Amino acid sequence: MSGLIALLTDFGYSDGFVGCMKGVILSINPDAKILDISHDVEPFNITHGALLLRAHFSYFPENTIFLCVVDPGVGSSRLPVAVRAGNYTFVGPYNGLFDLAIKSIGDKPKAYKIEKYTLPRVSSTFHGRDVFAPVSAYLSKGVKLEELGSQIEYQFTLHWEEPRKEQSWLVGKVVYFDRYGNCITNLPCGNYSRGTFRNRELKIVSYFLQGSEQEPALICGSFGLMELFLPKYNARERLRVSLGEEVRVEQT
């Protein structure tokens with residue numbers, strides 16, 4: 001098992017939660033290497049966290065441990081799990097947060113309910129510190145997944161709507177906005193001849209400045225999904241785009 005632990009949470013930085021988790025990890029494994037993916041996931045937004053994880057996990061070294069916490073159900077009956085899929089391990093709440101990443105891997109995951117290697121006292125509000133951080137640290141020291149607890153059948157629970165087909169068109173929708181105001185859709189990158197948004201035809205370009213500053217366009221973005229954008233402008237604000245708005249692309 002790798003000594004690299006990558007963190008993804010909705011904790012932000014103002015309350016010290018992230019630093020506390022790192023302190024727990026390093027208390028158990030002083031040689032652990034810790035990297036931050038993001039701690040600015042929208043609070044309680046599991047889909048947002050799942051999108052970020054899928055977009056970035058494969059760029060990390062094999063055997064990285066992904067400690068991910070977006071957990072509106074903390075303290076409830078939802079399970080704490082550690083999951084092995086492909087060459088990666090995911091530790092966190094069993095609430096769909098890992099679903100998009102695991103689906104993209106394609107292998108059948110092996111999942112274990114976390115029953116051991118937690119802190120002696122587990123609060124009902126901070127499993128990131130008391131459960132997931134110590135478990136990730138012990139895994140980074142060589143503890144096996146099967147030592148954590150009983151194996152469970154992994155089931156995909158995240159509500160993720162795939163684009164639908166209409167003749168030569170794929171019909172998707174806006175699912176996320178990045179900090180630049182680009183509108184990320186659920187349409188996968190692919191070979192498309194054109195797109196439409198609000199009955200307006202869109203060019204498909206290969207780099208941002210290829211488009212006109214006054215005309216929205218589509219591009220294959222870093223999430224592996226098609227993005228609606230305006231070069232150098234915030235498309236979300238200028239076009240007043242809402243989540244769920246329809247975007248179409250015509251397949252070549």
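The values are calculated or read from the model by the stated rules, or taken from the named source; none is laboratory data. Every value quoted in this text rests on a predicted model; they were computed, and no experiment measured them. Positions of Cβ are backbone-derived with ideal geometry, glycine not excepted, and every protein chain shown enters the neighbour counts.
Scan the stretch 164-175 and tell me whether some residue there is surrounded by fewer than 15 Cβ atoms within 10 Å (Cβ to Cβ), among the polar types (S, T, N, Q) and in contact with a helix residue (DSSP H, G or I) (Cβ under 8 Å, 6 or more places away or on another chain). No, the stretch 164-175 has no match at all. Looking only at the stretch 70-99, filter to residues that are in contact with a Ser or Thr (Cβ under 9 Å, 6 or more places away or on another chain) and among the β-branched types (Val, Ile, Thr); which one of those is nearest to Glu153 (Cα to Cα)? Within the stretch 70-99, the match that is nearest to Glu153 (Cα to Cα) is Val83.
Looking at this structure, is Gly149 in contact with an Asp or Glu (Cβ under 8 Å, 6 or more places away or on another chain), under 28 Å from Gly49 (Cβ atoms) and assigned to a loop (DSSP other than H, G, I, E, B)? Full working, then the answer.
Details: in contact with an Asp or Glu (Cβ under 8 Å, 6 or more places away or on another chain): yes; under 28 Å from Gly49 (Cβ atoms): yes; assigned to a loop (DSSP other than H, G, I, E, B): yes.
Yes: the conditions hold for Gly149.
Filtered by the rule that a residue be crowded, with 16+ Cβ neighbours inside 10 Å and either aromatic (Phe, Trp, Tyr) or in contact with an Asp or Glu (Cβ under 8 Å, 6 or more places away or on another chain) (or both), the stretch 179-195 gives Gly181, Asn182, Cys183, Ile184, Thr185, Asn186, Tyr192, Gly195.
Scanning the stretch 169-188 for residues that are over 15 Å from Glu245 (Cα atoms) and touching a Leu at 6+ places or on another chain (Cβ under 8 Å) yields one hit, Pro188. Candidates Val91, Val83: the one that is at pLDDT 95 or above, in a strand (DSSP E or B) and in contact with a Leu (Cβ under 6 Å, 6 or more places away or on another chain) is Val91. State whether the residues of the stretch 213-221 include one that is assigned to a helix (DSSP H, G or I), free of Cβ contacts under 8 Å to residues at least 60 places away in the same chain and over 29 Å from Ser104 (Cα atoms). Within the stretch 213-221 (the criterion being assigned to a helix (DSSP H, G or I), free of Cβ contacts under 8 Å to residues at least 60 places away in the same chain and over 29 Å from Ser104 (Cα atoms)), the answer is no, since none of the residues qualifies. State whether one or more residues within the stretch 94-105 are buried (at least 19 other Cβ atoms within 10 Å of the Cβ), of a type in the set (Ser, Thr, Tyr) and over 18 Å from Asp71 (Cβ atoms). Among the residues of the stretch 94-105, not one is buried (at least 19 other Cβ atoms within 10 Å of the Cβ), of a type in the set (Ser, Thr, Tyr) and over 18 Å from Asp71 (Cβ atoms), which makes the answer no.
For Leu158, are the conditions met, namely being surrounded by fewer than 20 Cβ atoms within 10 Å (Cβ to Cβ), touching a helix residue (DSSP H, G or I) at 6+ places or on another chain (Cβ under 6 Å) and within 18 Å of Thr9 (Cα to Cα)? Step through it out loud before you land on a result.
Working: surrounded by fewer than 20 Cβ atoms within 10 Å (Cβ to Cβ): yes; touching a helix residue (DSSP H, G or I) at 6+ places or on another chain (Cβ under 6 Å): yes; within 18 Å of Thr9 (Cα to Cα): yes.
Taking the combined requirement at face value, the residue satisfies it.
Residue-wise test of (1) exposed (fewer than 15 other Cβ atoms within 10 Å of the Cβ); (2) modelled with pLDDT of 95 or more.
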{"residue": "Gly49", "(1), (2)": "no, yes"}
{"residue": "His56", "(1), (2)": "no, yes"}
{"residue": "Pro61", "(1), (2)": "yes, yes"}
{"residue": "Thr64", "(1), (2)": "no, yes"}
{"residue": "Leu67", "(1), (2)": "no, yes"}
{"residue": "Gly75", "(1), (2)": "yes, no"}
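Is it the case, given these coordinates, that Leu230 is buried (at least 19 other Cβ atoms within 10 Å of the Cβ) and in the same structural domain as Ile65 (by TED's automatic domain parsing)? No; evaluated as a whole, the condition is false for this residue.
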